[in-house]
Structures are given as C-alpha cells and as structure tokens.
1. Under a point spin-label approximation (7 Å from Cα along Cα-to-Cβ), what is the Phe52-Ile4 distance to one decimal in nm?
2. Taking the convex hull of the Cα atoms, report for segment 6-51 its projected area averaged over all directions, in nm².
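Here, each number is a calculation from the coordinates, and none is a lab measurement. For clarity, every value in this text was computed on a predicted model and none was experimentally measured. Note: ideal-geometry Cβ built from the backbone for every residue, glycine included; neighbour counts use all protein chains shown.
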Amino acid sequence: MTKIPAVIFILVGAGVAGFSYFMDYMQGKNSFIIFMIAGIGLFLYGIGKLIFRKKDNTDMHDTHLHTGRHAQASQQQMQQSNQPRPQKYSFCPFCGSILQPGYRFCYNCGSRLRD
C-alpha cells in the first residue's frame, strides 16, 4: 500500500476548509461547517505528519561510522552477496508456479504440496 505524503493532506485539507468557508460566506449559513472541520482536521494531520515523521533506519546506517570487526563483517557480507548463489526451487505439480523450499501450499493455486 502506498503511503500518502503529508503535503497531500495539507493541500486537500486547506482546499476543503477554504471551499467550505467560501460556500458558508456565499450562502450566509453554516451549512458547510462539518466540511470545514474535516478540512481543518486533514490540514492539522498533515502538519503533524510532517513534524513527527519517522526517519529511515537505512539513513542512520549509512552515516554510522563502521570500525573494527563490524566493518570487516560488513565487507565480507557485501563480497558474499555479490557472488552468484545457486537457486533452489521447485515447481507446483498442479499449476507449474515456481516455489521456494519450505512451501506447504502453492501461492498461486492454493494446492497442498507434498512434504
């Protein structure tokens, strides 16, 4: 599921609140007050989302200074990940989908696989 950026909440909230205020002003009634409250709520939610957003752990990991054994282990892992690994997989006998080891059911057709 795609996350909605905070700016979208701010823009939609401001638009709904502004339009509701305009319609109330034109009609002289408070018939759009619920939409104005909803727009203000969306606007405030977007502001809060901007202020309290979480930072990626990957950013912190990249800026962290690696020293000693940790750096050596990271280099070894990178070297190992660059080497091609043999792929072990099988096929579903019912629909032919590629399956990874340990699957008990086919993800495509739902058939129970042999143990």
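1. Between Phe52 and Ile4, the simple spin-label model gives 1.7 nm.
2. Numbers: hull surface 10.1 nm².
Directional mean of the projected Cα hull area for segment 6-51 stands at 2.5 nm².
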